[in-house]
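Inspection log for the structure reproduced underneath, given as structure tokens.
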Amino acid sequence: MAAYKRTLDLTESQRQQLLHHRDHDPRPYVRERCAALLKIADGMTPHAVARHGLLKPRKPDTVYGWLDWYEKLGMRSVLWFQHGGAHRRGL
């Protein structure tokens with residue numbers, strides 16, 4: 001059984017947008033997600049990016065989630081959603 005490798009095909013506009021946010025966005029989680037997506041687009045597997053491609057190792061499911069959301073919503077998913085972590089609850 002052949003293994004399926006997840007990839008990400010980016011247009012030049014999408015790549016430039018990810019590069020800009022990776023280098024200039026004030027939010028660390030946005031910079032990290034953009035870096036991960038760019039590495040996947042450059043040929044690394046999401047699992048390799050999660051384990052060895054980021055400043056802090058992540059669970060592979062986390063990076064696969066970022067990839068899923070990016071494929072569904074594009075850049076909005078990176079900028080709008082703060083995934084995971086503690087969420088504030090109403091009283």
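The values are calculated or read from the model by the stated rules, or taken from the named source; none is laboratory data. Everything quoted here is computed from the prediction, not taken from an experiment. In this analysis, Cβ positions are derived from the backbone assuming ideal geometry, glycine residues included, and neighbour counts consider all displayed protein chains.
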Here is a list of conditions, (1) surrounded by 11 or more Cβ atoms within 10 Å (Cβ to Cβ); (2) at pLDDT 95 or above, and ASP23 meets all of them except one; can you say which number that is? (1)
For segment 52-59, indicate whether the set of residues that are part of a helix (DSSP H, G or I), in contact with a helix residue (DSSP H, G or I) (Cβ under 9 Å, 6 or more places away or on another chain) and among the charged types (D, E, K, R) is non-empty. no
Return the residues of segment 1-18 that are surrounded by fewer than 10 Cβ atoms within 10 Å (Cβ to Cβ), at pLDDT 85 or above and either hydroxyl-bearing (Ser, Thr, Tyr) or in a helix (DSSP H, G or I) (or both); say none if nothing qualifies. THR11, GLU12, SER13
Residue set LEU91, LEU38, LEU79; condition assigned to a helix (DSSP H, G or I) and either modelled with pLDDT under 95 or on the phi > 0 side of the Ramachandran plot (or both); output residue LEU79
Only one of ALA36, ALA48 is within 16 Å of ARG6 (Cα to Cα) and surrounded by fewer than 16 Cβ atoms within 10 Å (Cβ to Cβ), namely ALA48
